[in-house]
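A.B. asks: Right, I'll just put the structure down here and ask away after.
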Protein chains: 2
Amino acid sequence: MAIEENLDPENWDSMRGLGHRMLDDMFDYLKGVRDRPVWQHAPEDVKQHFNSPIPPDSQPPEEIYKEFQKYVLPYPVGNINPRFWGWVLGTGTVFGALADFLAASINTNTGGLDYHSAPYVEKQLIDWFKGLFGFPASASGVLTGGCSEANLICLAVARNTKAGYPIRQEGIQSIHHRLVVYASEEVHSSIQKAIELLGLGTESLRLIPVNDQFQIDLKVLESTIAQDRSNGCLPICVVGAAGTTNTGAIDDLNSLAQICQRENLWFHVDGAFGAWAILSPQAKGQLAGIEKADSLAFDLHKWMYLPYDIGAMLVRKEEDQRKTFSLMPAYLSHGEGGRGMTGGDLPWFSDYDIKLSRGFRALKAWFSIKEHGILKFGRLIQQNIDQARYLAQLISGSPELELAAPVTLNVVCFRYIQPGLDHGALDNLNKQILVELQEQGIAAPSGTVIRGKFVLHVAHTNHRTLRKDFDILVREVLRIGHQLIQ
Amino acid sequence: MAIEENLDPENWDSMRGLGHRMLDDMFDYLKGVRDRPVWQHAPEDVKQHFNSPIPPDSQPPEEIYKEFQKYVLPYPVGNINPRFWGWVLGTGTVFGALADFLAASINTNTGGLDYHSAPYVEKQLIDWFKGLFGFPASASGVLTGGCSEANLICLAVARNTKAGYPIRQEGIQSIHHRLVVYASEEVHSSIQKAIELLGLGTESLRLIPVNDQFQIDLKVLESTIAQDRSNGCLPICVVGAAGTTNTGAIDDLNSLAQICQRENLWFHVDGAFGAWAILSPQAKGQLAGIEKADSLAFDLHKWMYLPYDIGAMLVRKEEDQRKTFSLMPAYLSHGEGGRGMTGGDLPWFSDYDIKLSRGFRALKAWFSIKEHGILKFGRLIQQNIDQARYLAQLISGSPELELAAPVTLNVVCFRYIQPGLDHGALDNLNKQILVELQEQGIAAPSGTVIRGKFVLHVAHTNHRTLRKDFDILVREVLRIGHQLIQ
């Protein structure tokens, strides 16, 4: 008989020692995050390093860690740096990272099986979120890998609930009316991806123009719904944005809720980052109506600052979500009560989700929320909003800079301007300024296009940023702009 | 001006000390995993503990960790224990858990942006998998949160590629023929979930009977395809199972590939756990034909033993996957080459996936594969297969036990039998045996139904199991069975 092996460490003590070293290194790394460039190229030899074939034999863990230190650690995307504000990326928390280690160590599958603790942790988080967003205690929800997944789950429930026939069985083929979903032109691309995946097709997605606050134009929305009905389409859902990617605009959610109520449409809110303005006493008024949504999707790895990846979603009526996803083959039989691992009183998350196995990502959220308390998260979100206004003031005070959109939340779009330069030249100039900011490791905004103009895009969800970081940003944009023009 | 706060530890030194303690505790916990019961109820007070409202104020990290130790740690689902074999859950690796800590600390978003290392790590893994499964280097693929997600991505690509018209734009509404997907009755429920989500409806999923090896019946498959065509349906895809959940059966993949070739159908293989038999020189022959699949989905947190959650998928023709998922709004503009963070030569994973933000789950796979080398993973997989055969021999040698299906891979279905008991009584007896095994903390198989009979289900993907653990299982099943009968 062969000797029985396993994948535990060959030497527990040396692995333990390595773990302690990693931990010390990471603490030093995180403490020193401000001292490093926000970003630097992974050079060619680093990229080439990842071209080697799969290793047949074992390699000492210490060596693998050295490889990590040499080829991975120096070339991160940079979002934990205080001057990273691009693409709406989150900062992460130290305690959350420790929680991820604990979760991976106990390696719990949170997806099903009652009577173990992990599902109760996830359920508690969902309960907390219901309370924060004014959803009823009877609502349902799950944690997800992010808001794309959360939007997909919500829109699947919307589709199945509002189609008006057994769509799980029959599919969309048998429908006679085109199902239609409404959102503003500024809606996030994940909504379009979901609509496509769900088999509705982008022709089923009406992109409604926005007003000068970049909010969905309610009049056009209403007339489009009416037009669709008269054309024999079946409107099923309106997607409200609680914080658009481009400008942070929040749609008039109360009015959208009213329209949905009147028109018998599903009201979904994509609150990827902006939903968290709910924690700011000053800003939460902008979200009025979010509590009326039929479903809500949001991230926790953006403006709740948690390590990747974690998002969540809620559905007002629990049975709508369960009816969309629950499936119980014999090997997943559960919920009959009684004893054993499949008894118990807690529904399985797999009855509400696309996925079956699920990691224990709940733990990092639970740890971090308890560590700081939700009031402090509220202060941080307010701080980000105030800092964004501070940046907007700096821009308004600089004749060479121009704001590209109103700053209503935490997103600031601006560009460098220079009299005499035409549209294309200004776009190019600003693209070059952005590249230099990044390449010189100074700061990492991203770029986007607002009303046809290329602009620098600061989506501020960074808990490490100080006002002085925005002083540096503005100073360096001006410096680089001057240099490029000369 | 308000004082600027952040979410870093209030006291770095005490947080560091806590981290070291957690690490020591987890190492002790993992070393001692064999000494604890495989599972125990979370008692009522533990469940109630998670009913408290969201904490407004901060709580010392040490206290939160104590809560974790008291309310979470003692009540895991149990899959890291050597005698856990239920529901096809994985064991995890220690080095992988450390990698998850590193990944969460640097908090890299692997989804996009070139010139940072994380995407190269994920790309290297995908390259390795292409090689292992005989896919061309030009194939595409991504890591996922598991195989449900991987199956969904693959079937979305199949649908969009084979529909024969611009389905992303038009949706399924405009189609005149019902699109049909084929799989065996033993196919995993995630395939049905994906079919429903994609808007095809379960009426588009033909569940073909299986032969006495629990493989899809090829004759019935072929006649069903012919019948569907003559009824005006449009067959688009056959799903082959590489390891069914119930019995571990592997469909005749070569024959399925031939049928798909001849019928111009997409050939998808759901290899959730069974695909990894590719690493066993003895078993890999059963997977012949997997290299001909158009797409392949598999988990890494099952039979590759990695911590949750991680799966992967491959698509033979890269452009099929890109055309299904790529979407580039202005705020995600990239790939124009040149300098800055959106230049570079690596496609963004978001162009191939549902999700946009993505964690750095690649790191734990990269660490663990390098730590052990792929040959050792092959030995472990072979060990699991050999141990499953050993269990099957023990069962065959016990007059009170009966195998319920052939053991071709790592899944053993069996039950306790007793002359004179009718069908219902035997089902009940075996359900009770299962509950007692779990409740007494002895072992955790799951239950399923094979050809109408309730059976104990051992899906063996546990790297810590020794043959003697199966001695204990059989001894205890006999003991409990005797007791229950008396």
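A.B. asks: Could you please tell me which pairs satisfy a Cβ distance under 9 Å, a separation of 6+ or placement on different chains, a first residue in the stretch A:116-127 that is without any contact (Cβ under 8 Å) to a residue 24 or more places away in the chain and of a type in the set (Gly, Ala, Ser), and a second residue that is buried (at least 24 other Cβ atoms within 10 Å of the Cβ) and in a helix (DSSP H, G or I)?
C.D. replies: A:Ser117/B:Val72
A.B. asks: Scan the stretch B:385-401 for residues that are of a type in the set (Ser, Thr, Tyr) and without any contact (Cβ under 8 Å) to a residue 12 or more places away in the chain and jot them down.
C.D. replies: Result: B:Ser396, single match.
A.B. asks: While we're on this one: Scan the stretch B:293-323 residue by residue and report those that are among the acidic types (Asp, Glu) and either in contact with a helix residue (DSSP H, G or I) (Cβ under 6 Å, 6 or more places away or on another chain) or within 11 Å of chain A (Cβ to nearest Cβ) (or both).
C.D. replies: B:Asp299, B:Asp309, B:Asp320
A.B. asks: Moving on. As an exercise: evaluate A:Trp85 against (1) among the aromatic types (Phe, Trp, Tyr); (2) closer than 15 Å to B:Tyr120 by Cβ; (3) more than 7 Å from every other protein chain (Cβ to nearest Cβ) and give the number of the one condition it does not meet.
C.D. replies: For A:Trp85, the failing item is (2).
A.B. asks: Given the criterion under 30 Å from A:Tyr71 (Cβ atoms) and not acidic (Asp, Glu), identify the matching residue among B:Leu426, B:Leu363, B:Leu409, B:Leu437.
C.D. replies: B:Leu363
A.B. asks: Now for a different question. In contact with an Asp or Glu (Cβ under 7 Å, 6 or more places away or on another chain) and within 30 Å of B:Pro43 (Cα to Cα) - does that describe any residue in the stretch A:377-393?
C.D. replies: no
A.B. asks: Also: Please specify each residue of the stretch B:1-53 satisfying the condition of being among the β-branched types (Val, Ile, Thr) and buried (at least 17 other Cβ atoms within 10 Å of the Cβ).
C.D. replies: B:Val33, B:Val38, B:Val46
A.B. asks: Check whether at least one residue in the stretch B:93-112 is assigned to a loop (DSSP other than H, G, I, E, B), at the interface with chain A (Cβ under 7 Å from one of its Cβ atoms), modelled with pLDDT under 95 and within 30 Å of B:Ser333 (Cα to Cα), and report yes or no.
C.D. replies: Yes: one or more hits.
A.B. asks: Let me ask another. Restricting attention to the stretch A:457-486, which residues are under 20 Å from A:Gly274 (Cβ atoms) and either aliphatic (A, V, I, L, M) or touching a Cys at 6+ places or on another chain (Cβ under 9 Å) (or both)?
C.D. replies: A:His457, A:Val458, A:Ala459 - these are the residues of the stretch A:457-486 that are under 20 Å from A:Gly274 (Cβ atoms) and either aliphatic (A, V, I, L, M) or touching a Cys at 6+ places or on another chain (Cβ under 9 Å) (or both).
A.B. asks: Listed residues B:Val412, B:Val435, B:Val455; which is without any contact (Cβ under 8 Å) to a residue 60 or more places away in the chain, closer than 21 Å to B:Asn246 by Cβ and either among the hydroxyl-bearing types (Ser, Thr, Tyr) or within 9 Å of chain A (Cβ to nearest Cβ) (or both)?
C.D. replies: B:Val435
A.B. asks: Also, I was wondering about something else. For the stretch B:43-50, state whether one or more residues are modelled with pLDDT under 95 and within 30 Å of B:Leu391 (Cβ to Cβ).
C.D. replies: No, the stretch B:43-50 contains no residue that is modelled with pLDDT under 95 and within 30 Å of B:Leu391 (Cβ to Cβ).
A.B. asks: Oh, and also: Could you list all residues from the stretch A:434-468 that are crowded, with 24+ Cβ neighbours inside 10 Å and in a helix (DSSP H, G or I)?
C.D. replies: A:Leu434, A:Leu437, A:Gln438, listed by residue number.
A.B. asks: How many residues does the stretch B:226-245 contain that are on the phi < 0 side of the Ramachandran plot and in contact with a helix residue (DSSP H, G or I) (Cβ under 6 Å, 6 or more places away or on another chain)?
C.D. replies: 8
A.B. asks: Working only within the stretch B:34-66, note down all residues that are touching a residue at least 12 places away in the same chain (Cβ under 8 Å), assigned to a helix (DSSP H, G or I) and either within 18 Å of A:Gln124 (Cα to Cα) or among the β-branched types (Val, Ile, Thr) (or both).
C.D. replies: Correct list: B:Val46, B:His49, B:Tyr65.
A.B. asks: Continuing with this model, one more query. Contact list please: Cβ distance under 6 Å, first residue in the stretch A:364-384 and more than 7 Å from chain B (Cβ to nearest Cβ) and modelled with pLDDT under 95, second residue crowded, with 22+ Cβ neighbours inside 10 Å and in a helix (DSSP H, G or I), pairs at least six apart or on different chains.
C.D. replies: none
A.B. asks: With the stretch B:159-266 as the region, which helices (runs of 4 or more DSSP H) entirely inside it contain at least 1 residues that are crowded, with 17+ Cβ neighbours inside 10 Å and within 13 Å of chain A (Cβ to nearest Cβ)?
C.D. replies: The helices (runs of 4 or more DSSP H) meeting that bar are B:167-170, B:189-197.
A.B. asks: Determine if the stretch B:3-26 includes at least one residue that is more than 20 Å from B:Pro61 (Cα to Cα), part of a helix (DSSP H, G or I), more than 7 Å from chain A (Cβ to nearest Cβ) and out of contact with any Phe, Trp or Tyr (no Cβ under 8 Å at 6 or more places or on another chain).
C.D. replies: No, the conditions are met nowhere in the stretch B:3-26.
A.B. asks: Here is a further query. Do you know which of the residues in the stretch B:333-359 that are crowded, with 24+ Cβ neighbours inside 10 Å and within 7 Å of chain A (Cβ to nearest Cβ) is farthest from the chain's Cα centre (by Cα)?
C.D. replies: It comes out as B:Gly340.
A.B. asks: Name the one entry in B:Glu336, B:Glu319 that is over 16 Å from B:Thr461 (Cα atoms), assigned to a loop (DSSP other than H, G, I, E, B) and of a type in the set (D, E, K, R).
C.D. replies: B:Glu336
A.B. asks: Taking into account only those residues within the stretch B:129-157 that are under 18 Å from the mean Cα position of the chain (by Cα) and aromatic (Phe, Trp, Tyr), which is nearest to the other protein chains (Cβ to nearest Cβ)?
C.D. replies: Step by step, filter the stretch B:129-157, then rank; the result is B:Phe129.
A.B. asks: Is it fair to say A:Ser396 is surrounded by fewer than 24 Cβ atoms within 10 Å (Cβ to Cβ), more than 11 Å from every other protein chain (Cβ to nearest Cβ), among the hydroxyl-bearing types (Ser, Thr, Tyr) and more than 25 Å from A:Ala163 (Cβ to Cβ)?
C.D. replies: yes
A.B. asks: Say we look at the stretch A:285-330 and pick out the residues that are within 20 Å of A:Ile374 (Cα to Cα) and free of Cβ contacts under 8 Å to residues at least 40 places away in the same chain; which of these is surrounded by the most Cβ atoms within 10 Å (Cβ to Cβ)?
C.D. replies: Among those residues, the one meeting the criterion is A:Ala288.
A.B. asks: Counting only residues that are surrounded by fewer than 24 Cβ atoms within 10 Å (Cβ to Cβ) and in contact with a helix residue (DSSP H, G or I) (Cβ under 9 Å, 6 or more places away or on another chain), which one in the stretch B:381-390 is nearest to B:Ala103 (Cα to Cα)?
C.D. replies: By that ranking, first place goes to B:Gln382.
The values are calculated or read from the model by the stated rules, or taken from the named source; none is laboratory data. Keep in mind it's a predicted model, so treat the numbers as computed, not measured. Here Cβ is always computed from backbone atoms with ideal geometry, including for glycine, and neighbour counts include all displayed protein chains.
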